[in-house]
1. Can you bin region 135-280 into rounded, prolate or oblate? Criterion: square roots of the alpha carbon gyration tensor eigenvalues sorted a ≥ b ≥ c, rounded for a/c under 1.5, prolate for a/b above b/c, oblate for the rest.
2. How large a share of the accessible area of region 111-233, in percent, is made up of carbon and sulfur atoms when the probe is 1.4 Å and the other protein chains stay in place?
3. Might you report the magnitude of the Cβ-based charge dipole of region 153-309 about its Cα centre, with Lys and Arg at +1 and Asp and Glu at -1, to the nearest 20 debye?
4. Give the total of Lys-Lys pairs in region 71-226 with Cα-Cα distances below 24 Å; include a pair only if its members are 8 or more places apart or on different chains.
5. Under 12 Å from a label point 7 Å along Cα→Cβ of Lys200: give me every residue in region 42-80 with its amide N that close.
6. Check cross-link reach from Lys63 to the aspartates and glutamates: straight Cα distance under 14 Å, and skip same-chain residues fewer than eight apart.
7. Taking H placed 1.01 Å from N in the peptide plane, check which residues at least 5 places from Val185 or on another chain put their amide H under 5 Å from its amide H.
8. If amide H atoms are built 1.01 Å from N in the plane of the peptide, which residues on other chains or at least 5 residues away come under 5 Å of the amide H of Leu252?
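The values are calculated or read from the model by the stated rules, or taken from the named source; none is laboratory data. On a predicted model such as this, the values are computed, not experimentally measured, just so you know. Cβ coordinates were reconstructed from backbone atoms using ideal geometry, including for glycine residues, and neighbour counts include every protein chain displayed. For accessibility, only protein heavy atoms count, side chains too; no ligands or nucleic acids. Shrake-Rupley method; radii C 1.70, N 1.55, O 1.52, S 1.80 Å.
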Amino acid sequence: MEEVPHDCPGVGSAQAGRGASCQGCPNQGLCASGAGAAPDPAIEEIKEKMKTVKHKILVLSGKGGVGKSTFSAHLAHGLAEDENTQVALLDIDICGPSIPKIMGLEGEQFLEDNLEVMSVGFLLSSPDDAVIWRGPKKNGMIKQFLRDVDWGEVDYLIVDTPPGTSDEHLSAVQYLAAAHIDGAVIITTPQEVSLQDVRKEINFCHKVKLPIIGVVENMSGFICPKCQKESQIFPPTTGGAEVMCQDLKVPLLGKVPLDPRIGKSCDKGQSFLVEAPDSPATLAYRSIIQRIQEFCSLRQPKGENLVGS
């Protein structure tokens with residue numbers, strides 16, 4: 001289908017192809033016939049393509065700026081340290097793709113043989129280019145990433161998502177529904193404004209029947225690299241992620257303290273885990289990564305009925 005109007009009622013609506021906003025739309029006849037409500041054939045195609053991918057992990061955050069892409073990148077780095085583990089990192093933050101920069105892939109640089117990356121950032125003529133797309137076009141791009149990229153034999157596919165609970169998230173869940181998603185890792189920071197958005201993200205996961213691997217609290221404190229003294233830069237007002245996870249009965253995978261070297265490593269496209277192996281943040285990352293691996297190893301495909309819309 002071609003790009004739809006901004007106020008499109010949607011193919012599942014009784015007004016599909018019949019509403020005032022449908023007049024002049026190139027898809028009007030298709031929607032009115034009801035054919036547009038049929039299951040997307042790409043779902044089965046993606047299921048077939050994903051047979052070679054053992055584990056699929058979504059990294060979510062209800063709020064921007066909490067370190068989601070940084071975590072996704074270092075989860076990929078940490079898993080790929082085992083030469084026998086094949087890792088793929090997919091960036092579906094269509095309008096704000098930061099993974100190429102964080103992974104050091106803006107120029108003629110290459111990663112380890114067992115770590116591959118895909119992002120819309122690779123398709124732009126310049127890192128400064130703005131992607132001004134509506135939902136249908138973003139969804140089409142995600143479909144292409146999952147269906148048309150030759151992922152090969154992969155142990156872990158990590159999907160880095162934008163903030164929120166909207167088009168990109170629904171598309172990822174819908175297209176991977178038949179291919180088995182191990183679960184979601186949800187990123188937050190200690191302050192209440194972030195925890196409020198994370199509660200929405202947890203609610204989203206419950207509604208679409210997406211398993212929650214656990215919550216990671218980023219920037220849980222600042223540890224000075226020189227004196228090792230810890231300071232609380234974001235004092236939690238309600239007990240932070242720990243209390244929230246207890247209330248909502250979801251696992252807390254761990255807390256990652258802020259280390260200024262993390263940002264420097266990301267700017268240089270390098271792994272902080274290698275740059276600062278003794279940092280408390282690195283130790284926290286490794287503990288969280290181990291828990292994610294344990295979760296995935298215990299989880300076998302059961303054909304969950306994930307909801308895509």
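1. Details: a/c = 2.28, a/b = 1.40, b/c = 1.63.
In terms of gyration-tensor shape, oblate.
2. Working: 2560 of 5230 Å².
Using a 1.4 Å probe with all protein chains present, region 111-233 comes out at 49 percent carbon and sulfur.
3. Values: 15 positive and 19 negative charges, 51 e Å.
Roughly 240 debye for region 153-309.
4. Within region 71-226, the lysine pair count is 9.
5. 61-64
6. Asp93, Asp160, Glu192, Asp197, Glu201, Glu217
7. For Val185, whose amide H was placed from the backbone, the distant partners under 5 Å are Leu58, Val59, Leu60, Ile213.
8. Hits under the 5 Å cutoff: Val215.
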